[in-house]
Each structure stands twice: as structure tokens, then as C-alpha cells.
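To start, the structure under review is shown below, and the notes come after it.
The values are calculated or read from the model by the stated rules, or taken from the named source; none is laboratory data. What you see is a predicted model; the values in this text were computed from it and never measured. Cβ coordinates were reconstructed from backbone atoms using ideal geometry, including for glycine residues, and neighbour counts include every protein chain displayed. With ligands, DNA and RNA removed, areas are computed over all heavy atoms of the protein, side chains included. Shrake-Rupley method; radii C 1.70, N 1.55, O 1.52, S 1.80 Å.
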Amino acid sequence: MFLKIVRGPQSFEKLMTVNNRLCSTFKEACFAYGLLNDDTEWTHAISEASVSIGPQLQHWEFLSEDVLHKKRKLFNYPNSELTSEQLQNYCLREIQELLNRNGRSLSEFQDLPLPDPKLLTNMDNRLVRETLDYDMKKSKLEHQQLHSLLNPEQYLIYEEVIESVHDKQKGNFYFVYGPRGTGKTFSYKTIISRLRSERMIVLVVASSGIASLLLPGVRIVHSRFVIPLELLENTIPNLKCLNYIILKRKPKADNNFKHV
Ligand SMILES: Nc1ncnc2c1ncn2[C@@H]1O[C@H](COP(=O)(O)OP(=O)(O)OP(=O)(O)O)[C@@H](O)[C@H]1O
């Protein structure tokens, strides 16, 4: 590069002499010729951004800015959201891959945590991704609206179920029954919107095609869980990662559901 700027140099000293001053290194000469800039501009930009973004945004969210966009594109679920924990994990995994490509590893850096494989596996699960593909803000608004309309009986059901979901020790089955048009589906919708506004995983299934028309995003139970028409105890799949399952209409010959 110097040869393009310095005409007819006969020695390295001549190359490193800028405005009659001999620079001690080639790097110093580069700065003097204006060929290099230091990192001050970048440092300022990053500091400014971190101040303007403010404390509400975690460092991880700032670092992993495009992770969510990439995952939405990859999984083809435009509304899916990632928690701060999941963002951190995906970000750590990307750093790990970059380091591995250069023969290094995250474990060499004591200040950095390692990605949690459990969280990554959950998000890479199609069923979990599908159940998280909803708009949390919309669910919150919907919940506010529905909750304000609940009648006293619906409110009791709502409170009981929500308490059971929040209390991890409980994990109950509930079967809500009542004559047609008494507001069962309305209660389910209120519960679903509340849990989804809290970013919980809710799976909505129905025992028949007609019942499935009444709730959003619902699937027929046998198709969703790939189970035989006759339910047996050992045919229930492993659903540990789910927070709540809503079943519209109880299967006729099934005694595994408790009435409340
Ligand atoms: N608290 C409420 N406030 C306003 N509208 C309500 C309320 N509860 C129910 N509804 C309305 O009443 C109608 C019947 O309610 P819903 O569909 O929930 O009944 P259901 O018990 O599920 O009926 P079915 O057993 O036939 O499925 C719906 O239009 C619903 O929006």
C-alpha cells in the first residue's frame, strides 16, 4: 500500500517517513498516512446504543439482535417469540460454533456460560414451536376483554384452573360440564388467552371436527397426539414441556378425566 503513496522510495526508512517524521512502526506510518482508523468510532457507536436502549433491554438481547429473526424465518413461524433465556442460549450456541470452527471452545472462557441443551431442544421441537406461534400482546388484550365479561361461575372455573397451572405441584385434569350455550368455550378462551399472555405453552385439542371449529388453532385430539381412538393409560404421550392442555368435549368412553 505504501508503494502506491510514496513515490520512488529507496529504503524502508523512506517508506516509514511521513511529513519528515520517521515513524517507529509500519502501523504508526499507516495511521499517519490516513490508511487506518482506530476503533474509537465503533466504541462510541456501541456505547451510545447501549445508553439509548436503556436498562430495560438485557445485554443478551442486544448481542443476539438477529437471532429471533433468523429463527422465525427458519421455523416459518413469524409470530414466535423467544424468552431472554432462549435468546441467550441461541446466542451462546452461535458463539460456540464460531469458536469451534477456529479450534477454540466456549469452555475456555470462564466468564461465559455454556448453552443449556435442554432449552435448545425444546425450541427445536416442532410441537412446542407451533404452540408458541402466537402474538403475546394480542393475547393480553383478548384476555383483558374476556376476563372483564366472566360471570361468577366462569370466574370460579377460571381461578381454579389458573391456580392449578401456576402451582407446579398440582397439575390437575379438569372437566367443565354444563348445558349447551352456558359459556364453557368462553371460559376456555379466557384461560387460553391468560396463559398465552404469560408465554405459557397451551395445546388446544377437540374430540370432534365440529367442536374444533369453536376454538382458535385447535386440532383433533387423536391427530395431534397420534393416539388410537380408544384412550388407554399407556397411550398418553410424554407432554412434560406443556403448561396446559385444553380439550373441547370429553371423549365418550374415557374415565381418565376428573369432573370438577
Ligand atoms: N360471560 C360471557 N359474556 C358474554 N358472552 C358470553 C359469556 N359467556 C358466554 N358468552 C357467549 O355465549 C355464547 C355461548 O357460549 P359458549 O359457546 O362458550 O357456550 P358452550 O357452553 O361452550 O356451548 P356448547 O356446549 O354448545 O359448545 C357464545 O356466543 C359466547 O360468546
query = Is the stretch 185-202 home to any residue that is open to solvent by 30 Å² or more (accessible area, probe 1.4 Å), modelled with pLDDT of 75 or more and near the ligand (Cβ under 9 Å from one of its atoms)?
reply = yes
task = Just give me the residues in the stretch 204-221 being within 18 Å of residue 140 (Cα to Cα) and either within 10 Å of the ligand (Cβ to nearest atom) or modelled with pLDDT under 80 (or both), in sequence order.
result = 215, 216, 217
task = Could you tell me which of the residues 154, 145 is within 30 Å of residue 76 (Cβ to Cβ), in contact with a helix residue (DSSP H, G or I) (Cβ under 9 Å, 6 or more places away or on another chain) and in a helix (DSSP H, G or I)?
result = 145
query = Among the residues of the stretch 165-181, is any open to solvent by less than 90 Å² (accessible area, probe 1.4 Å), of a type in the set (A, V, I, L, M), closer than 23 Å to residue 132 by Cβ and more than 9 Å from the ligand (Cβ to nearest atom)?
reply = yes
